[in-house]
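Structure record follows, encoded as structure tokens.
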Amino acid sequence: MRREPAQTLGDYTPLLFPAAMLTIFFVVPFGTMIAVSFFQRQQGGFYTPAFVYDNYARFLSAFFGGVLGFSLMLAIAVAVCCVVLALPFTYLLTRMARSVQVLWLVALLSVLSLSEVIIGFAWSTLFSRTAGITNILVALGLMGEAQALTPSFGAVLTGMVYQAFPYTVLVLFPALVRLDPTLTEAARTLGASPLKAFFTVVVPALRNTIVATLIMVFIFALGSYLLPQLLGRPQHWTLSVLITDQAIYQSNMPFAAAMAVFLVLVTLGLVALTVIAGRKGEAA
Amino acid sequence: MKINSIKRRTLLGAGLAGASMLAMPAVLRAQDRSLKVGVYGGYFKDSFDKNIFPEFTKATGISVESVAEPTGEAWLVQLEQAARAGQAPADLSMMSQVAMLKGQATDLWTPIDMAKIKDASNLLDRFINKYPDGRVAGVGAVSWYITLVTNTNVYKEPPTSWEALWDPANADKLGLLALVSNSFLLEVTAKTFMGGTNALDTEEGILKAFEKLAEVKPNVRLWYRDEAQFEQALKSGEIPMGQYYHDVTGLAAADGHPVRSTFPKEGGIQDSGCWALSRASQKVEEAHVFIDYMCQPAIQATLSRKVGTAPTVKRESTDLTDKEFAAVSSDIEPIIPRYDLYQTKSDWLNQKWTELIVG
């Protein structure tokens, strides 16, 4: 089938619906947020329309810089963990029988149906001293005394990886299914071990997919605000937690909006850098 | 060409249909006597649903739809945003004092006509919240205490003083409220170590209190925003000590959970909730009937017995026995939060506080 280039204005009508949706549900709210971020905060009240830079000025401090740095670091750690775990898993999954694949995918999809709250509370129970997994280790004689594994950085990371893992698998799955099996067969025929074939053939062939997946999980993890609160100490709170604090509890919408705008800009910047670096790597 | 014109017409029709659908809620407004009342979710709302609202409907014929509101100022923000759009997610809401003051700043609360509240004379003055110009912004609904709570399995003996929070023996055992404006820990610090909350009059005094409060940090396992999170951990003994609501802890203890609430010798923190009417609400008449009903000494006594809150009317006007009164309140002079600070210095306090616990 050949694609006809658009001839008349009417040919663009199918685009109207997505464009309208994007405008209503993305452009307008985001524009409102940018506008609010310049509004004047009324302490002890709400805000009044104005054009001031105060909200951005307050954000530019070592304290918020530290929180932003931690949030980015956490999101990168989650993205890397997810891809490192999900890539071999998905690769092996695509080599399994159809029925087994369906079973795994259904199980993973059911994890997606869990809310962040349930995941958070479940993990905080699993990591607790009174009812957690360390009790099993004690029963097995592997540990002397049950201890609490939460709140800690490890707990936050585990919870967030658990939450993002199904997305990662679902994004990698189509690419891995489409991967030509003759590539690995050729590598094997030429004497590569299965492990070597995986790293020298499968991984490079999927480079773009892997980078795209990393970016997706990174952005997904950056927005997390509940799990760091439920499973971490205050020093593990992400910028999203502080944004929520300002918006919900301090009724300081302008400052919350300014922080959110900043977070979006930094995210877009990092994604752009990754894409540019990817292109350069390809050209070389 | 023909196909295109049909498409455009369909699109126009769809647009019109969409626009009229958006306008509909404003056209339809139920005329029956009803009232949406916001109360804190969980135990609190359950007790109101069971013990208070049905009786009110029986007495007045006004049906009540209860709305679970989150604690802290989350609900204030929602009411404020909704009022800007002319909507009221609840007509009347139970609001804390800090939220009342913040709402006053934007005229969020419809003034209450005290002439319509028959039992107004019984109300204690400090529970009537007024605008600076004297209009009544809210009328005391209930008052409650935040006290020192412990798990009875872990602590055989109850603690006697707020100093227990600073005790190195309690390392990593405390659950405290995560916000400066709902934990009132600055006031606790001032009352326990600095001779009273007047010490917070100056910025130097506040900074000193922050410094003292920083010593608590190693003892804190959980800074909670969500009550359920701490309540669960307290019951299981996972986090065996902390600050929590006296009423809810009493209800949990009555259900057989190993928890207790203690009034420290420096006093419990007394906070109160007002009934406040959103300016977007159309149910001004019904709201006054409801407030009037809730101010009756008999209803206040029922609240003390069933919900565990302290009355906002004079104690003599109720028929509470000494024992019943002691269960919901204490003769020890309470720590009264410095609400004024959370209005005049809210951003500064919030910034210092966040740096204290996150840094």
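For this structure, a couple of remarks:
- Qualifying aspartates and glutamates (Cα of each under 18 Å from Cα of B:Lys102; at least 8 residues distant if same chain): A:Asp245, B:Glu69, B:Glu73, B:Glu80, B:Asp91, B:Asp133, B:Asp271, B:Asp340, B:Asp347
- Stokes-Einstein translational diffusion, region A:143-228 - Kirkwood Rh over all Cα pairs, 0.890 mPa s, 25 °C, in µm²/s: 157
- Among the listed pairs B:Lys130/B:Lys283; B:Lys265/B:Lys352; B:Lys191/B:Lys235; B:Lys212/B:Lys306; B:Lys235/B:Lys314; B:Lys191/B:Lys283, those with a Cα-Cα distance over 31 Å are B:Lys212/B:Lys306; B:Lys235/B:Lys314; B:Lys191/B:Lys283.
- Remark: the Cα gyration tensor places region B:100-162 in the prolate category, a/c being 1.5 or greater and a/b exceeding b/c.
- Computed over the Cα atoms of region A:70-253, the ratio of the radius of gyration to the Kirkwood radius (Rg/Rh) comes to 1.06.
- When peptides A:266-277, A:156-167, B:92-103 are sorted by average Cβ neighbour count within 10 Å, with the highest value leading, the order is B:92-103, A:156-167, A:266-277.
- Per residue, the convex hull spanned by the alpha carbons of the protein assembly as shown comes to 232 Å³.
- From its DSSP helices (H runs of at least four residues, each -39,500 (n - 2.57)), chain A gives a residue-normalised ellipticity at 222 nm of -21000 deg cm²/dmol.
- Chain A, relative contact order in percent, only Cα pairs under 8 angstrom and at least six apart counted: 28
- For chain B, the C-alpha radius of gyration sits at 1.12 times the compact-globule guess of 2.2 N^0.38 Å, with N the residue count.
- Residue-span extension gain [A:Val211 to A:Leu137] - 0.36 nm each, minus C-alpha spacing: 22.9 nm
- Counting Cβ atoms of other protein chains within 10 Å of each Cβ in A:246-258 and taking the mean gives 5.
- 10 Å Cβ neighbours from other chains, averaged over peptide B:222-233: 4
- Over chain B: helical MRE at 222 nm, DSSP H runs n ≥ 4 each giving -39500 (n - 2.57), nearest 500: -12500 deg cm²/dmol
- Ranking B:Trp275, B:Asn350, B:Tyr155 by how far each Cα lies toward the positive end of the dipole of the protein assembly as shown (charges on Cβ) leaves B:Asn350 at the top.
- Packing-based order for B:297-304, B:343-350, using average beta carbon neighbours within 10 Å, highest first: B:297-304, B:343-350
- Shielding of B:335-344 by partner chains, average beta-carbon count, 10 Å: 1
- For the protein assembly as shown, share of DSSP beta bridges that run antiparallel, in % to the nearest 5: 65
- Nearest-20 debye value, region A:70-253 charge dipole, Cβ charges on Lys, Arg, Asp, Glu: 400
Read-outs throughout are calculated quantities, based only on the coordinates presented, and are distinct from any laboratory measurement. All of these numbers come straight from a predicted model, not from anything done at the bench. Cβ atoms come from the backbone with ideal geometry, glycine included; neighbour counts cover every protein chain shown.
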